[in-house]
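Enquirer: Shown below is the structure under consideration.
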Amino acid sequence: MSRPVELHFTLNGAPVCIETRPGRRVLDLLREDFGLAAAKEGCGAGECGACTVLVDGEPKLSCLMLAAQLEGRTVATAEGLGTADAPHPVQAAFAAHGAVQCGYCTPGMTLVAAELLSRNPDPDRETVRQAVSGNLCRCTGYVKIVDAVLAAAKAGQGEKP
Amino acid sequence: MIGAVYRPACLEELWPLLDTGAAAMAGGTDLLVRRRGGEPCDVALLSGIASLGEIVGENGWLRIGAAATHAAMARHPLIRDGLPGLAGALGTLGSPLVRNMGTIGGNIVTASPAADTLPPLYALDARVELVSAGGMRQLALADFLVGPGRTVLMPGEIVAAVLVPPPLAGARHHFEKVGRRNALAVAVASLAAVIATAADGRVAEARIAVGSVAPTVVRCTAAEAALVGRRLTRQTLSEAAACIRQAVSPIDDVRATAAYRRQVAGNLLLRLCPGPDAV
Amino acid sequence: MAGNVMTTRETVPRADALAKATGRERYSADFTPPDCLWAGVRRAGTPHALLTGLDVAAARATDGVAAVLTRADVPGTNRQGIVHKDQPVLCGQRVRHRGDAIALVVAETREALAEGLSRIEATFSPLPGVFDPASALLPDAPAVHPGRQDGNLLAYGLVEKGDAPAALAGCDVVVEGEFSTPMQEHVFLELPNGVARLTPAGVLDMVVSTQAPFRDRFEIAHALGLDPWRIRVRAPYLGGGFGGKDGATVQCLLALAAVNAGGRWVKMVWSREETFVAGYKRHAASMKVRLGAAADGRLCALTCAMHFDAGPYAHLSGEIMALGLEHAGGPYRIPHTRLEGWCAYTNNPVGGAFRGFGVVQASFAVERLMDALAIRLGRDPAGLRRQNALRPGEVNAAGVTAGPGTDVAACLDAVLAHPAWTGREAWKRSAPPFTRRGVGVTAIQNAMGYGRGLPDAAAAKLELTKQGTFRIYNAVPDMGQGNASAFVAMAARALSQPAAAFELVQPDTRVCLPAGSSSASRTTYTFGNALLRACRAMREKLCARAALALLCDDPARLVLSAGVVTDPVSGKAVPLAMLGRMLPRDDRLCVDQFVMPVVENPPDTGRQFKLGFPHRFYSHGACLCAVEVDELTGRVHLAQCVTSVACGRVLSLQGVEQQVHGAAAQGAGLALFEDPALAGGRMAAGDLSTYLIPTAVDLPDFACLALDDDEPTGPMGLRGMGEIGIHGPGPAVAQALYDAAGMWAVRLPVTPQDVLEALGGMPS
């Protein structure tokens, strides 16, 4: 077991400092130390995308990131994207367009979708599918997820996540 | 399980870490999956060494830092526009999430026979630059990779960059990957080709490399020779395809049989057929 | 009546959607009590063996390990199971599949847990294994449960009508075939998990990702010798279930850990690889079928012999086979049937519940044979199906009379009217180079509920809160199908309140009332009906109690509306909030129940099935698949998938579409992608990099056509339809591949190599 180190990074817009073992998975750090449970473990091997978080604005697999890699970075989780009272347009669109069934893939999907819209405000269906191709869903068959992202594009023109 | 995580700021800081047994880590998408449930291991992150992430054109050559992510590479105009075969391969690798993290150096060093960037790099006659405390050496990528998961990397050495020579002028760059699904799929066969044709439509030079059909990527020189001086037709491509099938040595595994891989490796060349009205 | 495709987009918003979309919803996997212990299982890793040695001393001595438990530490019967209790919690003398549990470690951290597990020394004396259900029934097959009277035969069933063997002999044309479908993995995203502790009062308190919290208590109690009434199970929203969390996964092991944890919380989460090895699977099955018809296409006789691979433990194998046999004749009119099935124990992974429950297997066989018949008669496959489509009052293949609204022909017509069918010839002709295109249409059906034997019952509790809002005590877990939202919508409509006035308590055996499992396409129907009854009682009560305050001698004239009861005669009103303060707690509760009606005069067949045969209520549909085949690689692209369903009235079109899209996606996975590569009891595809479910770039925009239909016995006229959509893609893709490439598929998944071979593109 290695020595804990102090890490400084920005989490959902706020600067944080935490002491932890540097080799811990970012997924575990977020869920256990910060109580941010939206990022989920579906496989632990980068094959399902349920652990997606944004690091410096880029969607990444937190089950394959080490805590030490967060030093100096900006991290955003689904909780930071929006709240029930003030949801991000993508989150609102997912809820309204039937893109949420069991909801386990949803946090990852919404982060990827939000990032897509922030650089491509008017994607077509195929582009949306490509963007979420690393996020598995077993419930929806993906159709309404694509519908929701396009609806969010129409509505919000891609607010920055 | 990962123990200590070092963040060297330059190569000089990296060498002593490698000496103590830390593993060099870039994206971690292969290393961390392999190390799950294993003995504790220290890693030295390469992300802090700026020179390793650069993508630069030098005298027509393209120098791709080993720690350049697949996503960064795919976006880079010199690759996106200049090396469309490689760009195409990058688009099929893993998933968008994996591409945001994984690096070309990692793809090369993991040395999977099915690695997606390798066939295009072979078809481009790419070279690798290896560095260590003792200095630098360069070799052909084809000489660096010697078997499934095996390279000639020495202890204390890392891949610093991939060097791509100026491609054949006016050449067509082609890549196709066959997986069992369209994303998050390991290739069961892939083909990369760089083909330069003369004004009369005859092939002047051809480079053909196939992946997932042998312990390492195979440059099909017989297939290349079968095309040189001829036009690309169904007939000529079929003959070259037969050469490809003879050159490969695939295995059966959970994703596909050897017989399927052998057949398809050749079939993929036919994708270069001109339109339906040609012979 | 069925026929028109619904175009009104009446949709019920999902009550849980925003909490899930903003990442706030807490699943069982998200409960990690501070200072909890971690439990994990050492598994056999070999398919059939005697456990000759088990040394846990080093594991026990590991730093951070709190306990290591083996069979000797299991009180009670050490047997879990839903109906048949034949699965050890911890194996003692023998292991019967690679996932069998042999030891349980409880530790302070996950690292210590992993360390402890790795230090367990187990020695095995391998036994010959049996790996297919037909071989398992041969006289000299290795016995999975030695000493068992019927050997490896777990269940046998025969459903027959008329005299099929004789009738076949007299048919103008007979087609036959052997078909098989593989084991399928659920791949719910939330892994099997739970937390449990023994409270100071001696109650076993558990939060678990489960489809059957009420039954879990009995499964745990029987296995461990506990008192079921001293077990509390809470079931939050599941991150997917699909049948794989019906029946104890972690529950008995977790309970065992908890009772040995000195009152501390214990958490158990299976890894993905562990779930592949130890979790339940769809039964692999093989079907030998013969179908006879008249020259004009009228179906005459069907015989079917099915073998189901149960793995070493029963789970719901018999019931799954029964449902398969009941559906083996498709939604068609066939006067003579002989449908026979054998369920055998093997040393493969354990077969259990999975959406489509035996019907997936049976549907593939009968639909393939309909295609064979169409080819033999030179008939179009859609037309042949339409000709033989079951109508109301007609008797189905199992001898049950089709319900009044049955209109399979209308379901077929709906997809045949879709441009994917009407435009198919032009589409096929314009195929790009190296591409062949084809289209297939099949009919689908799925019965609802438990069938006869086990009462398909639910009790619903509804509370008026002190604030004048409402609390629904939901007892059937929501695994993503949206039943929780449906219940809110139903209650809102029944009580003339806005949806926001309703709070839903997710299943908690301490405060909710039993309502059966979340399975069998039953929850919205059965619990919905119970809830509506409770709502009727609540409405009456609110009006009667308000009448006192309003000095009204005719409560029937009072009007219940949002937050208030009004007397239209006097204009006076009583806020529900006042009633909430006025009434004592017992008077604020309404409890009612519902039992799904069963077939009244069941046919005299299928006598072997005590539970689950026959069923009274069916949903019907049809499915069209359009495929593109690549001649160079044999890869199949599913270009279109259109599914029609007749499932009673549609409470929420979005809800029906969600179910159909998702079910069709799983059906497409089974048809083209999901291959467990099972050999010698081991799935070579044992993780998500090798067992491939479709990604977003592997599937088309599924289309769902919900027909205008009505189920008079259903809550607001609806009928369960969570499973039906999964049956279409397998056979429809197979038919489309024949259309595209002359390929005759007899098994799933169809592989690119199969296709290439059919195209003549593989060297022989």
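FYI, it's all coordinate maths here, none of it is from the lab. Predicted, not measured: the structure shown is a model, and the values here were computed from it. So basically every Cβ, Gly included, is an ideal-geometry build from the backbone, and we count neighbours across all protein chains shown.
Enquirer: Please express the shape of region C:149-235 as an equivalent ellipsoid: the semi-axes are the square roots of 5 times the eigenvalues of the C-alpha gyration tensor, given largest first in whole angstrom.
Expert: Taking √(5λ) for each Cα gyration eigenvalue gives 48, 19, 12 Å.
Enquirer: Given the DSSP H assignment, sum -39500 (n - 2.57) over each helix run of at least 4 residues in chain C and divide by its residue total; what's the result at 222 nm in deg cm²/dmol, nearest 500?
Expert: -7500 deg cm²/dmol
Enquirer: Residue by residue through region A:82-91, what is 3J(HN,Hα) from phi via Karplus (6.51 cos²θ - 1.76 cosθ + 1.60, θ = phi - 60°)? Round to whole Hz and write x for glycine and proline.
Expert: x, 10, 4, 6, 9, x, 5, x, 5, 4
Enquirer: Helix-only mean residue ellipticity at 222 nm, chain B, DSSP H runs n ≥ 4 weighted -39,500 (n - 2.57), per residue, nearest 500. What is it?
Expert: -8000 deg cm²/dmol
Enquirer: Would you kindly calculate the translational diffusion coefficient of chain A, applying Stokes-Einstein with the Kirkwood radius from alpha carbon pairs, for 20 °C and a viscosity of 1.002 mPa s, and quote it in µm² s⁻¹ without decimals?
Expert: Answer from the Stokes-Einstein relation: 136 µm²/s.
Enquirer: Shifting gears a bit: Mind giving me the nanometre distance, one decimal, between the label points for C:Ala537 and C:Ala57, set 7 Å out from Cα along Cα→Cβ?
Expert: Here the modelled spin labels are 6.2 nm apart.
Enquirer: Same structure again: Compute the Rg to Rh ratio over region B:172-272 from the alpha carbon atoms, using the Kirkwood formula for Rh, and round to two decimal places.
Expert: 0.99
Enquirer: Tell me, what ³J(HN,Hα) does each residue in region C:171-183 have, in order and in whole Hz, if you take phi through Karplus 6.51 cos²θ - 1.76 cosθ + 1.60 with θ = phi - 60° and put x for Gly and Pro?
Expert: With coefficients 6.51, -1.76 and 1.60, one gets 6, 5, 9, 10, 10, 9, x, 10, 10, 8, 10, x, 4 Hz.
Enquirer: Take the Cα atoms of region C:2-159, build their convex hull, and give its volume per residue in Å³.
Expert: Roughly 230 Å³ of hull volume per residue.
Enquirer: What distance in nm separates the simple spin-label points at C:Ile375 and C:Ala679, each placed 7 Å from Cα in the Cβ direction?
Expert: With each label point 7 Å from Cα toward Cβ, the separation is 2.8 nm.
Enquirer: Counting just the Cα atoms, what span does region A:82-156 cover along each of its three principal axes? Round to the nearest Å and put the largest first.
Expert: 31, 27, 16
Enquirer: In the structure displayed, which of B:Lys177/C:Lys428; A:Lys60/A:Lys154; C:Lys20/C:Lys85 lie more than 31 Å apart, Cα to Cα?
Expert: Distance filter (> 31 Å) returns C:Lys20/C:Lys85.
Enquirer: Taking the inverse of the average 1/r across all pairs of different Cα atoms in region B:2-45, what Kirkwood radius in Å do you get?
Expert: In region B:2-45 this quantity evaluates to 10.6 Å.
Enquirer: Applying 1/(1 + (r/R0)^6) with R0 = 35 Å to the Cβ-Cβ distance of B:Glu13 and B:Asp81, what FRET efficiency is obtained, to the nearest 0.05?
Expert: 0.45
Enquirer: Same structure, new question: Could you order peptides C:36-44, C:433-441 by the average number of other Cβ atoms within 10 Å of their residues, highest first?
Expert: C:36-44, C:433-441
Enquirer: Would you please report the Å³ per residue occupied by the convex hull of the alpha carbon atoms in chain C?
Expert: 170
Enquirer: Once amide H atoms are built 1.01 Å from N in the peptide plane, which residues 5 or more positions from A:Val5, or in another chain, come under 5 Å H to H?
Expert: A:Thr20, A:Arg21
Enquirer: May I ask for the distance between the Cα centers of region C:528-593 and region A:36-59, given as a whole number of Å?
Expert: About 48 Å separates the Cα centre of region C:528-593 from the one of region A:36-59.
Enquirer: Further question on the same structure: Using alpha-carbon positions, what is the distance between the centroids of region B:117-151 and region C:270-305, in Å?
Expert: For region B:117-151 versus region C:270-305, the Cα centre distance is 51 Å.
Enquirer: Calculate, for C:Glu394 and C:Asp150, the FRET efficiency according to 1/(1 + (r/R0)^6) with r their C-beta to C-beta distance and R0 25 Å; round to the nearest 0.05.
Expert: Efficiency, rounded to the nearest 0.05: 0.10.
Enquirer: Treat each spin label as a single point 7 Å out from the Cα along the C-beta direction, and report the B:Arg202 to C:Glu273 distance in nm.
Expert: The modelled label-to-label distance comes out at 5.6 nm.
Enquirer: Right, here's the next one. State the Kirkwood hydrodynamic radius of region C:352-458 in Å, one decimal place, computed from all pairs of distinct Cα atoms.
Expert: 16.5
Enquirer: Now a separate question. For the protein assembly as shown, evaluate the Debye formula with one uniform point scatterer on each Cα (no solvent term) and list log10 I(q)/I(0) at q = 0.09 Å⁻¹, rounded to two decimals.
Expert: -1.18
Enquirer: May I pose another question? Quick one: if the Förster radius is 35 Å, what FRET efficiency do C:Ala72 and B:Arg34 give, using the C-beta to C-beta distance and rounding to 0.05?
Expert: 0.40
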